[in-house]
1. Only residues that are basic (Lys, Arg) and not in a strand (DSSP E or B): list them for the stretch 273-290, please.
2. Do you know which of the residues in the stretch 317-336 that are among the aliphatic types (A, V, I, L, M) and in contact (Cβ under 8 Å) with a residue 60 or more places away in the chain is surrounded by the fewest Cβ atoms within 10 Å (Cβ to Cβ)?
3. Give me the strands (runs of 3 or more DSSP E) completely within the stretch 73-164, filtered to those with at least 2 residues that are out of contact with any Pro (no Cβ under 7 Å at 6 or more places or on another chain) and among the hydroxyl-bearing types (Ser, Thr, Tyr), ordered by residue number.
4. Looking at (1) within 16 Å of ligand 2 (Cβ to nearest atom); (2) farther than 29 Å from residue 345 by Cα; (3) assigned to a helix (DSSP H, G or I), which is the only condition residue 293 fails?
5. Considering every residue within the stretch 183-204, establish whether at least one is more than 16 Å from ligand 3 (Cβ to nearest atom), surrounded by 16 or more Cβ atoms within 10 Å (Cβ to Cβ) and either charged (D, E, K, R) or modelled with pLDDT under 95 (or both).
6. Could we say that residue 78 is within 13 Å of ligand 3 (Cβ to nearest atom), out of contact with any strand residue (DSSP E or B) (no Cβ under 6 Å at 6 or more places or on another chain) and charged (D, E, K, R) here?
7. Residues to consider are 47, 60; find the one that is buried (at least 20 other Cβ atoms within 10 Å of the Cβ) and touching a residue at least 60 places away in the same chain (Cβ under 8 Å).
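The values are calculated or read from the model by the stated rules, or taken from the named source; none is laboratory data. From a predicted model like this one, the values you see are computed outputs, not experimental measurements. So basically every Cβ, Gly included, is an ideal-geometry build from the backbone, and we count neighbours across all protein chains shown. All accessible areas refer to the heavy atoms of the entire protein, side chains included, with ligands and DNA or RNA removed. Shrake-Rupley method; radii C 1.70, N 1.55, O 1.52, S 1.80 Å.
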Amino acid sequence: MTKPYEPTIHQRSLDRDCTTLSRHVLQQLKSFGPNAQDLSALMNRLALAGKLIARRLSRAGIVEGVLGFTGDENVQGETVKKMDVYANDVFISVFKQSGLVCRLASEEMETPYYIPENCPIGRYTLLYDPIDGSSNIDTNLNVGSIFAIRQQEGNDETGEALDLLQNGRKQLAAGYILYGPSTVLVYSLGNGVHAFTLDPSLGEFILWQENITVPEHGPVYSTNEGNFWQWEDSYRDYIRYVHRHEGYTGRYSGALVGDFHRILLQGGVFLYPGTRKKPEGKLRLLYETAPLGFLMEQAGGRASTGSENILDVVPDKLHQRTPFVVGSSEDVELVESFVQERAREARDTAPV
Ligand code: AHG
Ligand code: MN
Ligand code: MN
């Protein structure tokens, strides 16, 4: 009788290299059924988008038409980078002929884009920020892409995508791709936060860390202190606090995804409060603060507008902005305590 084959010492390293994103999704869902296969295929397409964008960024200085501005302004009233447009189109292209995603809502598009051939069967909507931290592109600093997946509700006959105007707890999945020294994809299906690193030699995202949990407290506070003059007093109170206490360190890259990733791994808090110019905040709910809030909550942290859990905010328009405080639970709660204190004072001194 021949001896059954015994896995060799290579099995561990092979298993690791074979724990690709699409396999991990199926493991997460504990199913090989059609819905699980769809989500696995969808995540795989997002991975392809990440690879295409990483490839173009890696040649930015030597390939025509990558750096610099298009000369246009987007629906946000912001100048558009050539990479914003390229990346926006990448996410559309990877879902063509997929039968998966019918609708894409992007920071760069005033209204959602529909992929007609998918719509009769595709029930997923992709909400995304194709390049986050665009101001970093021309100086070769880290940028990212942020995504959320929602299930389309109803047939959206009017094309206004009103079913997207629901809170962040409607997200089926969320994640980001960080284009740094390595390209890292971080995602959650609501069952923990998991990170993959792109192995360019394989062209695959390989599992790097599973079930990432954010420290309850961390040293990092991440914010653009240049806006101090136009913040509400509560945020000024917080900054004065960290300036006067040992153990804090300021880190701000100008790209939310990079700052968020550092805090996810090391602990601390990122805050982008409302300002005089943008009282509702700069960051956009549906494809920046809600996906990242989903991830941080899955990692055991906290995400709010400073006073309301970010996942409870119901947008009244597609590109709604919110103030954003996200990170370690203790640090977010400290920021919120300053907001609550000022609100209490305002109530106590309000004319009766
Ligand atoms: P985007 O490039 O998608 O517009 O996002 C930029 C955002 C965010 O990534 C970053 O944290 C923030 O804008 C930086 O804003 P300031 O330059 O005002 O600090
Ligand atoms: Mn952004
Ligand atoms: Mn962007």
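1. We begin by selecting, within the stretch 273-290, every residue basic (Lys, Arg); these are 276-278, 282, 284.
Correct list: 276, 277, 278, 282.
2. If we filter the stretch 317-336 for residues that are among the aliphatic types (A, V, I, L, M), which is where we start, we get 318, 325-326, 332, 334-335.
From the residues that got through so far, the ones that are in contact (Cβ under 8 Å) with a residue 60 or more places away in the chain too are 318, 326, 332, 334-335.
Numbers: 318: 23, 326: 31, 332: 22, 334: 17, 335: 27.
Out of the qualifying residues, it is 334.
3. On the way: elements: 79-81, 101-106, 124-132, 143-151.
Ranges flagged: 124-132.
4. (2)
5. yes
6. Details: within 13 Å of ligand 3 (Cβ to nearest atom): yes; out of contact with any strand residue (DSSP E or B) (no Cβ under 6 Å at 6 or more places or on another chain): yes; charged (D, E, K, R): yes.
Yes, satisfied.
7. Numbers: 60 fails: buried (at least 20 other Cβ atoms within 10 Å of the Cβ).
That would be 47, the only listed residue that is buried (at least 20 other Cβ atoms within 10 Å of the Cβ) and touching a residue at least 60 places away in the same chain (Cβ under 8 Å).
The rows are residues; the columns are (1) open to solvent by 10 Å² or more (accessible area, probe 1.4 Å); (2) touching a residue at least 60 places away in the same chain (Cβ under 8 Å).
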| residue | (1), (2) |
| --- | --- |
| 277 | yes, no |
| 286 | no, yes |
| 306 | no, yes |
| 339 | yes, yes |
